[in-house]
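Engineer: Just passing along the structure, written as structure tokens.
The values are calculated or read from the model by the stated rules, or taken from the named source; none is laboratory data. These numbers were taken from a predicted model, which means no experiment stands behind them. Don't worry about glycine lacking a Cβ; one is built from the backbone with ideal geometry, like all the others, and counts go over all protein chains shown.
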Amino acid sequence: MKSGKVIDLRGGKRIEAPRPRPASPAPHNRDRGVSPIRVRRRKLRAVVAFMFILLIAGAVYGVHWLSYLPRVTVQAIRVQGTEQLDPALIQSYVGSVIDDGSYHFLSRSNIFLYPKVVIEKGIVESFPRVKTATVSRDGMFGQNVAVAIVERAPLAQWCTSTAQSDCYAMDDQGYIFSAAASSTDTVRFAQPYLFTGGIATDTTSVIGQTFAPGHVPGILALLHLLIQNDDLTPMSVDVQDDQDFSIMFSQGFLLKASYGEDANALARNIQLVLGSDVLKGQQENLEYIDLRFGNRVYYKLKGQDQTAV
């Protein structure tokens, strides 16, 4: 039967005969045509990947297990170099850092993994008297940890006032590290100087603070020159603020000076002033000499007004 045009006798119109629909393609089977070799390769890759992951996990656990072996575990802590400090305090602190009470994947007690830098820094921060701490082991596979301590040497006393109440030991950098009344430092000071001021006393403790930061070496150099060249005996140093300080001498007068001035120039100037015609032989009557104003020097004799030179 041939397809053609159909005439609608009722209306006299031609209509198109319906076209046959194309047949739907048969569903494609994706697994059809996959070779057994390819399937085996996929399975083999999955097995290899699993074995690799298993191997990595085993290696990681092995490192963890090895780190806790007694053969590579710290057995003893030895402290050297302490003079005023009790070595047992350092030992206890180091032990608490190594074994902090927590379980770590890698043992902190391992001779290759113990926190050396943390221990060294922590000792200096926790014990103000300690200037440096060096941590090492006795040999490549040694199981003993050696801690070498260098304590601060007391140079002089820093006190809250010239009445020598509440005094502390101070080193050559101005660092306050101990209460003088609670140690034998009171009889070991390298210099008899007494320092006051220059530290914030409204904090919890003055221990751990630094007197006149950055200026102590210059002050000490000036004191040495005054003793050596001018035959003077400094007794105490008082810091008023960030610019000025004063030195009291056993001769009974005060020297006022400022930071930033050369120590040699200050020592020379005070020598010239004391040797001038107006002040020669007047040390007993002298109240102070003020060298804070460049080339102009002010002085005051007891019972008299301030005078400029």
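Condition check ((1) of a type in the set (Asp, Glu); (2) modelled with pLDDT of 90 or more; (3) within 18 Å of residue 192 (Cα to Cα); (4) in a strand (DSSP E or B)) across all residues:
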residue: 219; (1), (2), (3), (4): no, yes, yes, no
residue: 225; (1), (2), (3), (4): no, yes, yes, no
residue: 231; (1), (2), (3), (4): yes, no, yes, no
residue: 248; (1), (2), (3), (4): no, yes, yes, yes
residue: 251; (1), (2), (3), (4): no, no, yes, no
residue: 256; (1), (2), (3), (4): no, yes, no, yes
residue: 261; (1), (2), (3), (4): yes, no, no, no
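Engineer: Could you list, ordered by first residue, the pairs with Cβ atoms under 6 Å in which the first is in region 202-213 and more than 18 Å from residue 241 (Cβ to Cβ) and the second is surrounded by 11 or more Cβ atoms within 10 Å (Cβ to Cβ), at least 6 apart or interchain?
Structural biologist: Correct list of pairs: 207/128; 207/176; 208/128.
Engineer: Can you go through 90, 98 and tell me which one is of a type outside the set (Ser, Thr, Tyr), under 32 Å from the mean Cα position of the chain (by Cα) and over 28 Å from residue 180 (Cα atoms)? Outline the logic, then answer.
Structural biologist: Details: 90 fails: over 28 Å from residue 180 (Cα atoms).
Only one candidate qualifies: 98.
Engineer: I want to confirm something. Restricting to region 270-307 and keeping residues that are touching a residue at least 12 places away in the same chain (Cβ under 8 Å), polar (S, T, N, Q) and part of a loop (DSSP other than H, G, I, E, B), which single residue is farthest from residue 260 (Cα to Cα)?
Structural biologist: Only one residue tops the list, namely 282.
Engineer: Could you list, in sequence order, all residues of region 33-77 that are of a type in the set (Ser, Thr, Tyr), over 30 Å from residue 147 (Cα atoms) and surrounded by 11 or more Cβ atoms within 10 Å (Cβ to Cβ)?
Structural biologist: 61
Engineer: Okay, moving on. Which members of region 254-290 meet the condition of being loosely packed, with under 15 Cβ neighbours inside 10 Å and among the basic types (Lys, Arg)?
Structural biologist: Answer for region 254-290, where residues must be loosely packed, with under 15 Cβ neighbours inside 10 Å and among the basic types (Lys, Arg): 268, 280.
Engineer: Working only within region 67-79, note down all residues that are assigned to a helix (DSSP H, G or I) and farther than 11 Å from residue 109 by Cβ. Reasoning before the result, please.
Structural biologist: Step one: list which residues in region 67-79 are assigned to a helix (DSSP H, G or I), which gives 67, 70-72.
Passing the criteria: only 71.
Engineer: How many residues does region 90-125 hold that are among the small types (Gly, Ala, Ser), surrounded by 14 or more Cβ atoms within 10 Å (Cβ to Cβ) and over 30 Å from residue 62 (Cα atoms)? So that I can check it myself, show each step before the final result.
Structural biologist: Start the filter on region 90-125 by keeping residues that are among the small types (Gly, Ala, Ser), which leaves 92, 95-96, 101-102, 107, 109, 122.
Filter once more, so that each one left must be surrounded by 14 or more Cβ atoms within 10 Å (Cβ to Cβ): 95, 107, 109, 122.
Okay, now just the ones that are also over 30 Å from residue 62 (Cα atoms), so 122.
Final tally of qualifying residues: 1.
Engineer: Pairs under 7 Å by beta carbon, first residue closer than 15 Å to residue 127 by Cβ in region 149-175, partner in a strand (DSSP E or B) and basic (Lys, Arg), six or more apart or different chains?
Structural biologist: Listed by first residue and then by second, the contacts come to 150/131; 151/131; 152/131.
Engineer: Given the criterion over 28 Å from residue 209 (Cβ atoms) and not assigned by TED's automatic domain parsing to the domain that holds residue 173, identify the matching residue among 126, 102, 92, 96. Spell out how you get there, then give the answer.
Structural biologist: Numbers: 126 fails: over 28 Å from residue 209 (Cβ atoms); 92 fails: over 28 Å from residue 209 (Cβ atoms); 96 fails: over 28 Å from residue 209 (Cβ atoms).
From the options 126, 102, 92, 96, the qualifying one is 102.
Engineer: Out of region 80-89, which residues are surrounded by 15 or more Cβ atoms within 10 Å (Cβ to Cβ) and in a helix (DSSP H, G or I)? Steps first, answer last, please.
Structural biologist: Let us first name the residues in region 80-89 that are surrounded by 15 or more Cβ atoms within 10 Å (Cβ to Cβ), namely 81-82, 84-85, 87.
Correct list: 87 only.
Engineer: A further question on this structure: Please find, within region 236-253, the residue that is nearest to residue 282 (Cα to Cα) out of those that are among the small types (Gly, Ala, Ser) and either exposed (fewer than 15 other Cβ atoms within 10 Å of the Cβ) or not assigned by TED's automatic domain parsing to the domain that holds residue 291 (or both).
Structural biologist: Initial filter on region 236-253 (among the small types (Gly, Ala, Ser)): 236, 246, 250, 252.
Add one more test, that the residue is either exposed (fewer than 15 other Cβ atoms within 10 Å of the Cβ) or not assigned by TED's automatic domain parsing to the domain that holds residue 291 (or both), and what stays is 250, 252.
Values: 250: 14, 252: 11 Å.
Per the criteria, the residue is 252.
Engineer: Does region 291-308 contain at least one residue that is under 23 Å from residue 159 (Cβ atoms), surrounded by 15 or more Cβ atoms within 10 Å (Cβ to Cβ), modelled with pLDDT of 90 or more and in the same structural domain as residue 170 (by TED's automatic domain parsing)?
Structural biologist: Looking for residues that are under 23 Å from residue 159 (Cβ atoms), surrounded by 15 or more Cβ atoms within 10 Å (Cβ to Cβ), modelled with pLDDT of 90 or more and in the same structural domain as residue 170 (by TED's automatic domain parsing), one finds none in region 291-308, hence no.
Engineer: Output the residues belonging to region 97-150 that are farther than 15 Å from residue 79 by Cα and part of a strand (DSSP E or B).
Structural biologist: Selection gives 110 alone.
Engineer: So residue 298 fits all but one of (1) within 30 Å of residue 171 (Cα to Cα); (2) of a type outside the set (Val, Ile, Thr); (3) in contact with a strand residue (DSSP E or B) (Cβ under 8 Å, 6 or more places away or on another chain); what number is the exception?
Structural biologist: (1)
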